[in-house]
Amino acid sequence: PGNVLFAADGEAKIVDFGLALQLSESDKTDGEIWATPYYVPPEKLHREPEDFRSDIYSLGATLFHALAGKPPYSADTSSIEELKAIKEKPISLELTAPQVSMATCELVDRMMARKPDDRYADYDELLEHVNYARKMLSEGGGTDAAAKARRTRKKLEERRAVTAALVAFGVVMAVLGTALGWHFHKRGKERAAIDEGDGGGGGGEVGGLVIQGGQTTTERFEAARARLLRGNFRAASRAFSSIAEDASTVQPTLNWALFHSGLSKLLMGDEAGSRADFARLSDGDGGGATPPPGSGAEEAGSGDAGESGGGLADGAFFATAAEVLAAPLPVPPEAASNLSGEGREALLLLACGLKDWELGALPAAGRYFQAFRDAGAGRDEWLDDFKALLAPYTRDLLRVKDLPVVGRDASAAEVGRAVAELESAAGELRSASLIGRIERRVARLGRLIARLEVEEQEREVSRLAQILDAENARMEDLLKELEPLRATATLTDGVALLEAADFEHPEVARRHSDELYIWRRAAQFIDTLVDDLSKFGYRGYVQLIGGAATTWNIIDADTERVTYQAAGAAGQGKVAFALLTPATLLQIGDQLSRNFPDMEEYLPRRENRVLYAYLLRQLDVARTSSAEVTGEAFTAVWGRILERERARLDAATGAGDEIDF
């Protein structure tokens, strides 16, 4: 307050912005906030979202300081954590400054509510309370007996005279007028006249607050209607209710106030609350078709069934509205078939559409909305402002138009995709009731997915059980077909046969995959052995199939033949590669692999040798050499090989547990 000065003409000037202190959090190096501790809103300290309600809090703290003579808190600290704790305490201007009027105390306390949602919903509501508090003060209603008693007990009467409070409040009101000046600047002359009129008349109650005197009922109605059209449905409903409760309001304005209050609640999503307003509609006092106050159609429809007024007389119009809008069920299209769709009757189409929307009857709501959009074209221009309210509903209708429909035979995966699309749509919608229905549908579909997954799993188990025997038989036939191919030189025919086969059952498919892995690595053993022989040669033990063991010096080799020099012989000889025994090939592979000290080249050759030995039934060699191979894929396959071999030996001898393969 000390930085708000007044010029000679009473205009308020803010003269100093250098009030901010740097607040910090002890446990965060980057936790700095620049703010004025006395006036900073709690949400800023908690790093929560800020909006105009944060400004209302700071303005309330300024009013508190001006009225009470001291800040609302003892905030001589630069610690955010200390300020958080301080600002958790509720504010009571009444206890600090008992000479201040009760209405003003309520105003400031609500402005400084801890939670933004507990403050004023908009500046209109705040200004209404300000006007009310000022009016009560000017009429001498600022204190009561309890407040005076507290003032006496606290011995503050001499220090805080009522006159000083009046002066302080007048100063603050000038600040308030400056701070909110932009709010009025953006409204037209009509809106300014509505909100700032001061003709000295009665005034009604709006949400428990008295509107500033001087407004006629029509002006009050226009002000409430302006709030409705700006989307401030809650404040509009309160204002319309205030008009309806005013004993001076006569028909048909009383009915129109109730109708618009119910319409505002429908736009808020409060369908149940709207029914109470519509149920109070009476048949009026007969007469012609009278348009709503402030619609701009009074002259065209006043006292007769003019085009802008619509075809139904007052009594019939409000009776129809009460019948269809106060009912707990959606409004079927035929219920409003007698409406002309012109003038005020178009508003009933809008209300029917909103009611059906909130109750989930979207097709009917869409038809009512379309009829309302087509109503009064070129004649009732005042309806265009109401038609603008339909934009969010139109977007929602377009979004939900193509939402997935789950068929009776849908799978769990299909239902899951539908749920994902529904959840995506819910995040884009405006209508709370529509979002709620989608969420309930998603919950039902979630339960359906769980049931379908169980059923599909049971069917899959049954199906696999039926094919297991057949595929086991196919696998045995394949293994028999592979048996003679073990003796071939390159093993490529066996690899091709396995690659051509396909199995569905997981157990059989795993066996097939293991066999293919073994045959491929064994074939690689042959290919690598031929390459290494050509590069390094070999001197040592050799045995041909059907022949005696001897010592050769192998000079060159390919998969067709081996070029060698026998011990003690001068010339070279050639022999078919396929005549070398598996034991000979394993011996050559063992010796040649030691020419590769790099483990990335050595270990694959050792793994190939182990699997070749297993494939050619050289089981002792395979078992002995397997210990040095540690690759993940080999370890998994080798473990399953051991399991199958033990099972095979167990079946053949009846003593598998005693055989250590």
Please sort 40-53, 243-256 by packing, taking for each peptide the average over its residues of neighbouring beta carbons within 10 angstrom, highest first. 243-256, 40-53
For the peptides 458-466, 96-104, what is the packing order when you average, over each peptide's residues, the other Cβ atoms within 10 Å and list the highest mean first? 96-104, 458-466
Amide proton proximity set for Glu342, modelled H, under 5 Å, gap of 5+: Gly311
Leu479: net charge of surrounding residues, Cβ under 13 Å, Lys/Arg +1, Asp/Glu -1, itself excluded? -1
Karplus-derived HN-Hα couplings along the range 344-350 (A = 6.51, B = -1.76, C = 1.60, θ = phi - 60°), whole Hz, x at Gly and Pro: 5, 5, 4, 5, 5, 4, 4
For Arg539, which sequence-distant residues (separation of 5 or more, or a different chain) have an amide H within less than 5 Å of its own amide H, given hydrogens modelled in the peptide plane? Ile554
Please compare each pair in Lys355/Lys401; Lys84/Lys135; Lys87/Lys265 to a cut-off of 24 Å on the Cα-Cα distance and tell me which ones are over it. Lys84/Lys135; Lys87/Lys265
Computed ³J(HN,Hα) along the range 431-443: with the Karplus parameters 6.51/-1.76/1.60, θ = phi - 60°, integer Hz and x for glycine or proline, the list is 5, 5, 5, 5, 4, x, 5, 5, 5, 5, 5, 4, 4
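On full extension of the chain, what length is gained from Glu50 through Glu414, given 0.36 nm per residue of separation minus the C-alpha to C-alpha distance?
Numbers: separation 364, 0.36 × 364 = 131.04 nm, distance 4.22 nm.
So the chain would gain 126.8 nm between Glu50 and Glu414.
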According to a simple spin-label model (label point 7 Å from Cα along Cα-to-Cβ), what is the distance in nm between Arg430 and Ala391? 0.7 nm
Karplus-derived 3J(HN,Hα), 6.51/-1.76/1.60, for each residue of the range 237-243, Hz, glycine and proline x: 4, 5, 5, 5, 4, 4, 5
Label Asp374 and Asp558 with points 7 Å out from Cα along Cα→Cβ: what is the distance between them in nm? 8.7 nm
Label-point separation in nm, Lys13 to Ala496, each point 7 Å along Cα→Cβ: 10.2 nm
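Please compute the length gained on full extension between Glu601 and Ala636, using 0.36 nm multiplied by the number of residues separating them and subtracting their Cα-Cα distance.
Here the segment from Glu601 to Ala636 would lengthen by 10.5 nm.
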Plugging the Cβ-Cβ distance of Asp514 and Thr488 into 1/(1 + (r/R0)^6) at R0 = 25 Å yields, to the nearest 0.05, a FRET efficiency of 0.80
Counting only residues 5 or more places away or on other chains, whose amide H sits under 5 Å from the amide H of Arg561 once H atoms are built in the peptide plane? Phe577
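A short reminder: the numbers here are calculations on the coordinates, not readings from a lab. Quantities reported herein were computed from a predicted structural model and do not represent experimental measurements. So basically every Cβ, Gly included, is an ideal-geometry build from the backbone, and we count neighbours across all protein chains shown.
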